[in-house]
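*Asks:* For reference, the structure I am asking about is given below.
The values are calculated or read from the model by the stated rules, or taken from the named source; none is laboratory data. The shown structure was predicted, so the numbers you read here are calculated from the model rather than taken from an experiment. No Cβ is skipped: glycine too gets one built from the backbone with ideal geometry, and neighbour counts run over all protein chains shown. Ligands, DNA and RNA are stripped out before the accessible areas are found, and what is left, the full protein with its side chains, is counted by its heavy atoms. Shrake-Rupley method; radii C 1.70, N 1.55, O 1.52, S 1.80 Å.
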Amino acid sequence: MTTSVSYDASRPIDDRYLPPDCDELQAVRDVLDDGRLSGGAAVLPLYERALARWFGVPHAVAVNSGSSALHAALVAFKTGPGTEVIVPATAPLPTVMPVLTCGATPVVVDTLPGSLALDPTDVERKLTVRTRAVITLPLWGYPANDHRLAALLAPTGVPIVEDACQAHGTEIAGRYAGTLGRVGCFSTHDRKLLSTGEGGFLLTGDRELAARLDDYTHLGHLRGATHGVNYKLAGPLAAIGLRRLEQLDAQITQRRANARAILDALPVDGRLRELHSANGDQPNYYNLVLVAESSPALIAAELAASGLPPDSVRYGYRPLHKQPLFRAYATECPNAEMLAATTLQLPCHPGMSPETIEWVARRTAAIARRGT
Ligand SMILES: *Cc1c(COP(=O)(O)O)cnc(C)c1O
């Protein structure tokens with residue numbers, strides 16, 4: 001067995017996962033043969049039913065992106081100019097762009113210490129009569145829930161919209177992320193666990209809401225009764241999604257095993273530990289997220305030099321209100337800022353060979369040990 005491959009910052013380990021061939025080509029050919037390539041293709045309802053079954057919810061609506069899913073969900077709750085949407089300060093840009101698309105005001109809320117969950121006390125402080133929705137965000141596939149939030153919102157009628165774009169298969173209290181709020185929004189962009197190139201879908205248990213989402217994203221089905229947009233997913237992409245959905249379970253199992261191998265190699269008293277999840281909750285390991293107990297910037301640089309750049313280096317990830325576009329909405333969010341400054345994301349997808357995972361485990365352990 002050779003482990004002589006050398007990694008460096010100029011050749012970072014790819015964090016995209018290319019699923020193994022699952023006969024997508026034949027599925028696309030079937031759509032081509034049928035001749036209907038649009039969102040009206042016969043495969044669309046099959047794909048939507050398969051999604052609903054996989055996640056164990058009554059309704060799924062396929063759309064052309066995660067951004068479209070979020071926008072459609074916000075519109076369904078009458079988000080528009082003069083209204084507000086509560087968002088976590090940990091949110092990356094695509095979570096909050098749809099709020100601006102609605103012409104609404106994003107209200108940035110802090111997370112709980114060491115967690116991706118919204119701080120219920122800060123939510124309570126910032127709720128107004130103009131609040132149309134609260135977006136929760138299981139970022140990097142890590143649970144981001146706090147049961148007090150649902151209890152706080154119940155009497156107000158303000159819905160929780162889950163941005164589960166990175167959280168396909170993340171388990172929270174025995175349920176899947178994206179099935180806990182009024183509506184869950186998913187992306188099937190290339191970087192996500194289920195990829196159709198571009199694409200997305202919405203999940204909900206509410207029949208009337210599902211019908212409204214379907215109507216809005218399909219131009220009101222051209223009945224001329226309601227306003228809508230064209231967010232339909234094209235047939236060939238739905239066919240690819242339907243095929244790839246079959247390997248999602250196995251992919252998540254492998255991601256969890258890979259993450260476990262890297263975590264098991266970490267020294268118990270080192271500088272790195274995993275981001276905390278509640279007992280029984282399970283990340284889908286979109287990324288393995290480590291927290292630096294000390295010297296986070298130095299550790300990030302060491303990882304990057306090894307070809308393992310964290311998101312802050314790879315994508316310039318930072319808290320929302322540190323982005324120029326959202327600076328005007330800045331409030332004090334010390335917990336989210338601390339989380340963003342101390343978390344380090346590692347790839348652990350099944351496209352990485354056992355040798356590569358072993359190498360990442362040894363490298364990360366060595367970096368965690370240094371300085372202790
Ligand atoms: C990818 C992503 C989106 C947007 O999805 P697109 O399909 O790229 O539009 C939104 N939120 C989060 C957290 C994402 O990761």
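*Asks:* Any chance you could count how many residues in segment 97-154 are touching a strand residue (DSSP E or B) at 6+ places or on another chain (Cβ under 8 Å) and small (Gly, Ala, Ser)?
*Replies:* Residues in segment 97-154 being touching a strand residue (DSSP E or B) at 6+ places or on another chain (Cβ under 8 Å) and small (Gly, Ala, Ser): 6 in total.
So that you can scan it fast, the table gives a plain yes or no per residue for (1) more than 16 Å from the ligand (Cβ to nearest atom); (2) at positive phi; (3) touching a His at 6+ places or on another chain (Cβ under 7 Å):
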position: THR188; (1), (2), (3): no, no, no
position: LEU219; (1), (2), (3): yes, yes, no
position: THR226; (1), (2), (3): yes, no, no
position: TYR231; (1), (2), (3): no, no, no
position: LEU242; (1), (2), (3): yes, no, no
position: ARG256; (1), (2), (3): yes, no, no
position: LEU263; (1), (2), (3): yes, no, no
position: GLY270; (1), (2), (3): yes, no, no
position: PRO283; (1), (2), (3): no, no, no
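*Asks:* Taking segment 162-177 only, how many residues are more than 15 Å from ALA117 (Cβ to Cβ), open to solvent by less than 20 Å² (accessible area, probe 1.4 Å) and either in contact with a strand residue (DSSP E or B) (Cβ under 6 Å, 6 or more places away or on another chain) or within 14 Å of the ligand (Cβ to nearest atom) (or both)?
*Replies:* 2
*Asks:* Can you tell me which residue is nearest to the ligand (Cβ to nearest atom) among those in segment 100-121 that are of a type outside the set (A, V, I, L, M), over 19 Å from ALA73 (Cα atoms) and without any contact (Cβ under 8 Å) to a residue 40 or more places away in the chain?
*Replies:* Going through the qualifying residues, I end up with PRO120.
*Asks:* Given the residues GLY184, GLY157, GLY178, which is the only one that is within 13 Å of the chain's Cα centre (by Cα) and on the phi > 0 side of the Ramachandran plot? Talk me through it step by step, then tell me what you get.
*Replies:* On the way: GLY184 fails: on the phi > 0 side of the Ramachandran plot; GLY157 fails: within 13 Å of the chain's Cα centre (by Cα).
Within the list GLY184, GLY157, GLY178, the selection yields GLY178.
*Asks:* Here is a further query. If you scan segment 172-231, which residues turn out to be within 25 Å of TYR17 (Cβ to Cβ) and among the hydroxyl-bearing types (Ser, Thr, Tyr)?
*Replies:* Across segment 172-231, the qualifying residues are TYR176, THR179, SER187, THR188, SER195, THR196.
*Asks:* Can you find even one residue in segment 261-269 that is more than 25 Å from GLY141 (Cα to Cα) and either among the acidic types (Asp, Glu) or modelled with pLDDT of 95 or more (or both)?
*Replies:* Of the residues in segment 261-269, the ones more than 25 Å from GLY141 (Cα to Cα) are 269.
Filter once more, so that each one left must be either among the acidic types (Asp, Glu) or modelled with pLDDT of 95 or more (or both): 269.
The answer is yes; a qualifying residue exists.
*Asks:* Among the residues of segment 16-33, is any within 15 Å of the ligand (Cβ to nearest atom), modelled with pLDDT under 95 and open to solvent by 10 Å² or more (accessible area, probe 1.4 Å)?
*Replies:* There is at least one residue in segment 16-33 that is within 15 Å of the ligand (Cβ to nearest atom), modelled with pLDDT under 95 and open to solvent by 10 Å² or more (accessible area, probe 1.4 Å).
*Asks:* Could you check segment 77-95 and list, in sequence order, the residues that are within 17 Å of THR136 (Cα to Cα) and more than 9 Å from the ligand (Cβ to nearest atom)?
*Replies:* Looking only at segment 77-95, we keep the residues that are within 17 Å of THR136 (Cα to Cα), and these are 77, 79, 84-95.
Answer for segment 77-95, where residues must be within 17 Å of THR136 (Cα to Cα) and more than 9 Å from the ligand (Cβ to nearest atom): PHE77, THR79, GLU84, VAL85, ILE86, VAL87, PRO88, ALA89, THR90.
*Asks:* Only one residue in LEU153, LEU194 is away from the ligand (no atom under 16 Å from the Cβ), crowded, with 19+ Cβ neighbours inside 10 Å, without any contact (Cβ under 8 Å) to a residue 60 or more places away in the chain and of a type outside the set (Phe, Trp, Tyr), so which one is that?
*Replies:* LEU153
*Asks:* Then there's this: Which of the numbered conditions does VAL134 fail, given that it passes all the others? Conditions: (1) within 26 Å of GLY241 (Cβ to Cβ); (2) within 16 Å of the ligand (Cβ to nearest atom).
*Replies:* So the condition that VAL134 fails would be (1).
*Asks:* Go through (1) farther than 19 Å from THR95 by Cβ; (2) within 20 Å of the chain's Cα centre (by Cα); (3) aromatic (Phe, Trp, Tyr) and name the single condition TYR216 misses.
*Replies:* Looking at each condition in turn, TYR216 falls short on (2).
*Asks:* Looking at (1) over 22 Å from TYR285 (Cα atoms); (2) of a type outside the set (Asp, Glu); (3) within 17 Å of the chain's Cα centre (by Cα), which one does PHE326 not meet, given that it meets all the others?
*Replies:* Evaluating PHE326 over (1) over 22 Å from TYR285 (Cα atoms); (2) of a type outside the set (Asp, Glu); (3) within 17 Å of the chain's Cα centre (by Cα) leaves (3) as the failure.
*Asks:* Something else now. For LEU118, all conditions in the list (1) closer than 22 Å to ARG175 by Cβ; (2) open to solvent by 10 Å² or more (accessible area, probe 1.4 Å); (3) of a type in the set (A, V, I, L, M, F, W, C) hold save one; what is the number of the exception?
*Replies:* So the condition that LEU118 fails would be (2).
*Asks:* Somewhere in segment 156-176, is a residue out of contact with any helix residue (DSSP H, G or I) (no Cβ under 9 Å at 6 or more places or on another chain) and hydroxyl-bearing (Ser, Thr, Tyr)?
*Replies:* Yes; the residues of segment 156-176 include at least one that is out of contact with any helix residue (DSSP H, G or I) (no Cβ under 9 Å at 6 or more places or on another chain) and hydroxyl-bearing (Ser, Thr, Tyr).
*Asks:* While we're here: Would you point out the residue of segment 206-265, among those that are among the hydroxyl-bearing types (Ser, Thr, Tyr) and touching a strand residue (DSSP E or B) at 6+ places or on another chain (Cβ under 7 Å), that is most open to solvent (accessible area, probe 1.4 Å)? Explain how you work it out, then say what you get.
*Replies:* Going through segment 206-265, the residues among the hydroxyl-bearing types (Ser, Thr, Tyr) turn out to be 216-217, 226, 231, 253.
Applying the additional criterion that residues be touching a strand residue (DSSP E or B) at 6+ places or on another chain (Cβ under 7 Å) yields 217, 231.
On the way: THR217: 0, TYR231: 42 Å².
Filtering segment 206-265 for residues that are among the hydroxyl-bearing types (Ser, Thr, Tyr) and touching a strand residue (DSSP E or B) at 6+ places or on another chain (Cβ under 7 Å), the one most open to solvent (accessible area, probe 1.4 Å) comes out as TYR231.
*Asks:* Please verify whether GLY184 is in a loop (DSSP other than H, G, I, E, B), more than 11 Å from the ligand (Cβ to nearest atom) and under 12 Å from ALA60 (Cβ atoms), treating the condition exactly as stated. Talk me through it step by step, then tell me what you get.
*Replies:* Numbers: in a loop (DSSP other than H, G, I, E, B): no; more than 11 Å from the ligand (Cβ to nearest atom): yes; under 12 Å from ALA60 (Cβ atoms): yes.
No: the conditions fail for GLY184.
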